[in-house]
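A.B. asks: Before we start, here is the structure in question, set down as structure tokens.
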Amino acid sequence: MKAFERLIPAGDVTLDDVAAFAARNEWQYLGDRPGSMVPGHEWVWATADRQTAISYVDDQAIDLRYLAIQGRDRTRLADALRAELPIVDKSTALGILSTAPTPDDIAGSLYLVGAFANDYDADVFAAIEQALSHESPRVRQAAIFAALMAEWSELEPALARLETSEPEADVRETARTALEHLRRYWKENA
């Protein structure tokens, strides 16, 4: 089980909406900073007991805004956010992916689907695994980023195949780097 949960706010949810929710729930604003793990920006709150942190992340690498919740009460807070703010659900994300008409649309949809990779999910796994074999290098590249979001060891064989037999050098290098990162993560979290 992951130590955090990601939620994807619907398109009309703004940072101000999240800040208002935080104020109503007496979360303490800890500040904002350039993205710590990704290019972009991150705004961070903590619950009153400081046992759970909530980040609103504007991830510019994949052009996606999401909430990352980590700590003791992450499940309860995720449920509260879903109850009050419009949040994209997994079936909607998978539907967007299945109807995406172009490689760029598929890539953007993969980032959305990858954000649902909290705990292992067979539907999300199947979507990422299939995309890792897509005819478009743009889609395969996006699928690698989705696999990085998932951090699931079940994706290792498909990523290893790209690392050794991908015809596009930049995609092959991304797969190599992703596997290096993921193997280190799997070893540290075994």
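A.B. asks: Write down the Å³ per residue value for the convex hull defined by the alpha carbon atoms of region 19-94.
C.D. replies: With only Cα atoms used, region 19-94 gives 100 Å³ per residue.
A.B. asks: Consider just the alpha-carbon atoms of region 130-190 and return their Rg together with their Dmax, both in angstrom.
C.D. replies: For region 130-190, the Cα-based Rg and Dmax read 10.7, 34 Å.
A.B. asks: Could you give the angle, 0 to 90 degrees to the nearest 10, between helix 156-165's Cα long axis and the longest principal axis of the Cα atoms of the chain?
C.D. replies: Helix 156-165 and the main axis of the chain meet at about 40 degrees.
A.B. asks: Percent of accessible area on region 58-190 owned by carbon and sulfur, 1.4 Å probe?
C.D. replies: Percent of accessible area from carbon and sulfur atoms in region 58-190: 49.
A.B. asks: So if each residue of separation counts as 0.36 nm, and I subtract the Cα-Cα distance between residue 24 and residue 10, what length gain in nm does that give?
C.D. replies: 3.0 nm
A.B. asks: Here's a follow-up. Expressed as a rounded percentage, what relative contact order does the chain have, with Cα pairs under 8 Å and six or more residues apart?
C.D. replies: This gives 16 percent for the chain.
A.B. asks: Next question, about the same structure. Taking the dipole about the Cα centre of the chain, with the C-beta of Lys and Arg at +1 and of Asp and Glu at -1, give me whichever of 148, 177, 53 is farthest to the positive side.
C.D. replies: In the chain, that residue is 53.
A.B. asks: Relative contact order of region 116-190: what whole-number percent is it, with Cα pairs under 8 angstrom and at least 6 residues apart?
C.D. replies: 27 percent
A.B. asks: At a 1.4 Å probe radius, which order do 111, 120, 185 fall into by accessible area, largest first?
C.D. replies: Ranked list, largest accessible area first: 120, 185, 111.
A.B. asks: Hey, what D do you get for the chain in µm²/s if you plug the Kirkwood alpha-carbon radius into Stokes-Einstein at 10 °C and 1.306 mPa s?
C.D. replies: 92 µm²/s
A.B. asks: Using only the Cα atoms of region 53-144, what are the Rg and Dmax in Å?
C.D. replies: Radius of gyration, then largest Cα-Cα span, for region 53-144: 14.0, 42 Å.
The values are calculated or read from the model by the stated rules, or taken from the named source; none is laboratory data. Quick caveat, the model's predicted, so the values are computed rather than measured. FYI the Cβ positions are ideal-geometry reconstructions off the backbone, even for glycines, and counts take in every protein chain you see. Accessible surface is based on the protein model in full, side chains and every heavy atom, while ligands, DNA and RNA are left aside. Shrake-Rupley method; radii C 1.70, N 1.55, O 1.52, S 1.80 Å.
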